[in-house]
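The values are calculated or read from the model by the stated rules, or taken from the named source; none is laboratory data. This one's a predicted model, so the numbers in the text were calculated from it and none came from an experiment. As a convention, Cβ positions derive from the backbone with ideal geometry for all residues, glycine included, and neighbour counts pool all protein chains shown. These accessible areas exclude ligands, DNA and RNA; they are computed on the full protein's heavy atoms, side chains included. Shrake-Rupley method; radii C 1.70, N 1.55, O 1.52, S 1.80 Å.
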Amino acid sequence: MAGVTLRGVEKRFDKTVVIKNLDLEVHEHEFMVLVGPSGCGKTTVLRMIAGLEEISGGTITIGDRVVNDLPPKDRDIAMVFQSYALYPHMTVRENLEFGLKIRRTPRAQIDRLVDHAAQLLGIAPLLERTPRELSGGQRQRVAVGRAIVRQPAVFLFDEPLSNLDAKQRVQMRAEIAKLQQRLQTTTIYVTHDQVEAMTMGQRVAVFKDGELKQVGTPMELYDRPATVFVAGFIGTPPMNFIAASITDGGATLTAPTFTLPVPATLRPVTDAAPGRRVVVGVRPENILDANREGRGETAAVEAEVEIAEPLGSEVIVHARAGDDMLVAKLDPHRHPAPGETISLVIELEALHLFDAETQQRLDRAPQDRAPAVVPAGNSAV
Ligand code: ATP
């Protein structure tokens, strides 16, 4: 098993730069998720690690070998594709055996590896069927099985669950995460789905426009997003953003149609930036019904309900406060009607403050600043 290190990796298609100066370190045994909106370059990164796409600059190291010039078959990786890429005319057993046969693995070892993978994935009863005779979820398991039997140093997954329905996706994502914990194989997993990223990744790397924006554990990204983009990308419903200025020497956040007092915990940040134009971020779960007691310092806001979406465990309320729309996750047993004015409580200590111009978090921790190579633990670039 091996870690994977990318240093200064670039990818250009003709003159178009699609990956810019990428530094990323995936530790041995780690489950790293690459996530970002469509077209951000995450699949290209995975394909460069696999050797399916040449790099235009930088180095990629797997274990202690620089693999820049190695063909895919010599990189000790196994890739699982969105399309499964199973051979339709072969049985499940033959699909699982194929890569091993090509490598001239002894028969007894092939049987042992295939049986073991089939047991792990619960596909032993399906071994004599062809892919046509399987459900989407079963095909996906076979595709994962084909990667497992190879016993590679690194698993690469490219949106492997996109063709499954919502229920199967939830089931398979737990299965893949459990499997990785059991096998401890270093894994790099690409998805555009932030819920998949948060639930599966030990660390998550967030990409936008060919650049790595932040890498950290799911909770680090949730609690301390380094930019407005990451803040809006991680979490559902997304964080609310309010344009405001720091006024009263740091004591108040003034939006066009309402003000919020700055809690003591954030005063060191606002006191250092009086007059600054900021984006104030507040997650829907930090806006409460007025009858609930918030954590720490709070402020009351009146808002007019536009829509309320009951989800059973909570109700998502979209309400207008002055010029701003606020989305709040509220108690499901209260279902405010459109047009109703409701009192909301904002947990002030949970506010996120970003510079309006640079879009960067104002209270960036030292480790949030760009390192040359991402160290273990939290970091952002
Ligand atoms: P998606 O989730 O839609 O697959 P992605 O984040 O995986 O998106 P990539 O497939 O890595 O994005 O593509 C990154 C960028 O590179 C896109 O703008 C894409 O159009 C461009 N690109 C990818 N492959 C090629 C190619 N062979 N030639 C030219 N441009 C390409």
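Report yes if some residue within region 197-219 is of a type in the set (Val, Ile, Thr), in contact (Cβ under 8 Å) with a residue 60 or more places away in the chain, open to solvent by 10 Å² or more (accessible area, probe 1.4 Å) and not assigned by TED's automatic domain parsing to the domain that holds Ala273; otherwise report no.
Yes, there is a match, as at least one residue in region 197-219 is of a type in the set (Val, Ile, Thr), in contact (Cβ under 8 Å) with a residue 60 or more places away in the chain, open to solvent by 10 Å² or more (accessible area, probe 1.4 Å) and not assigned by TED's automatic domain parsing to the domain that holds Ala273.
One residue stands out in region 252-287 among those that are within 14 Å of Ala321 (Cβ to Cβ) and in contact with an Asp or Glu (Cβ under 7 Å, 6 or more places away or on another chain): the one that is surrounded by the most Cβ atoms within 10 Å (Cβ to Cβ), namely Ala255. Here Val35, Val45 are screened, and the one residue that is touching a helix residue (DSSP H, G or I) at 6+ places or on another chain (Cβ under 9 Å) and crowded, with 22+ Cβ neighbours inside 10 Å is Val35. For Ile55, indicate whether it is more than 11 Å from the ligand (Cβ to nearest atom) and under 19 Å from the mean Cα position of the chain (by Cα). In short, no.
Taking the criterion of being open to solvent by 10 Å² or more (accessible area, probe 1.4 Å), within 13 Å of the ligand (Cβ to nearest atom) and closer than 22 Å to Gly63 by Cα, the only residue of region 152-174 that qualifies is Asp158. With respect to (1) buried (at least 20 other Cβ atoms within 10 Å of the Cβ); (2) in a helix (DSSP H, G or I); (3) in contact with a strand residue (DSSP E or B) (Cβ under 9 Å, 6 or more places away or on another chain); (4) in contact (Cβ under 8 Å) with a residue 40 or more places away in the chain, the lone exception for Ala177 is condition (1).
When residues in region 6-49 are screened for being near the ligand (Cβ under 7 Å from one of its atoms) and basic (Lys, Arg), 1 of them pass. Cβ-Cβ below 9 Å, separation at least six or inter-chain, first residue in region 103-115 and without any contact (Cβ under 8 Å) to a residue 60 or more places away in the chain, second open to solvent by 80 Å² or more (accessible area, probe 1.4 Å) and not in a helix (DSSP H, G or I): which pairs? Close Cβ pairs (under 9 Å, with a partner that is open to solvent by 80 Å² or more (accessible area, probe 1.4 Å) and not in a helix (DSSP H, G or I)) amount to Leu113/Gln151.
Within region 189-232, being within 13 Å of the ligand (Cβ to nearest atom) and in a helix (DSSP H, G or I) holds for Gln194, Glu196, Ala197.
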